Structure formats: structure tokens, C-alpha cells
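Let me begin by presenting the structure, written as C-alpha cells, before commenting on it.
The values are calculated or read from the model by the stated rules, or taken from the named source; none is laboratory data. From a predicted model like this one, the values you see are computed outputs, not experimental measurements. When we count neighbours, we look across all protein chains shown, and the Cβ atoms used for this are built from the backbone with ideal geometry, even at glycine.
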């Protein structure tokens, strides 16, 4: 059984998306949807909601090529961005599964 963590460090979040910690901090300043808590030492603690927001930004900026302003506008206008990303991720997993099945056929 996988137990999901309550908080993630900035390093863990950056590694998950393959970006630098400075980019995560930069996006945090640009998008008000990323609001990590800070512990008594000042270290950022990201929740799953923060990670979902970062995933949305990552998808729009890195995968779709939106500018930061374009991504901000789309997020403001379209509340379905998260659902669309979930659908895309599911389709990618299905595609990977089908490719594996095809490669294992005689």
C-alpha cells in the first residue's frame, strides 16, 4: 500500500518535474496557486494541491509552450485545465501500456 506524504520538499518537487528548484521558486512568485507552507527553519513544504498547481503550470509552459502570461490567463479563464491534464496523463499511460503489449506480441 502506497502512503502519500503530506508535505514534499522543494527538491522532491523539482525532481518530480525534472526542473531546477529555482524554477519552482520563480513559479511560486508568479502564480498565486502555489502556496507552500514553511517550517520553522523556513524550508518550503509543498502539499498535493501545490504539486497539482505546478503540474498544470509545467504542462502549459513546458509541454504546450505557453508564455507565463498566457498560462496565467488560461488558468484564470478555464477551470477545466486540471481535468484536461488528468485526461492527457491517463491517455499517455494507456499509450505506454499498448506499446508494451504490441512489443510483446510474437
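Listed values, structure above:
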quantity: Out of 65, 70, sole residue that is more than 14 Å from the chain's Cα centre (by Cα), surrounded by 13 or more Cβ atoms within 10 Å (Cβ to Cβ) and under 26 Å from residue 87 (Cβ atoms); calculated: 70
quantity: Helices (runs of 4 or more DSSP H) (entirely within the stretch 18-82) containing at least 3 residues that are over 20 Å from residue 6 (Cα atoms); calculated: 21-30, 68-77
quantity: Every pair of residues 6+ apart whose Cβ atoms lie under 7 Å, when the first sits in the stretch 30-59 and is free of Cβ contacts under 8 Å to residues at least 24 places away in the same chain while the second is part of a strand (DSSP E or B); calculated: 38/44; 38/45; 39/45
quantity: Subset of the stretch 1-34 [over 21 Å from residue 66 (Cβ atoms) and modelled with pLDDT of 90 or more]; calculated: 7, 8, 9, 10, 11, 12, 15, 21
quantity: Positions within the stretch 1-20 being surrounded by 15 or more Cβ atoms within 10 Å (Cβ to Cβ) and more than 12 Å from the chain's Cα centre (by Cα), in sequence order; calculated: 7, 8, 9, 10
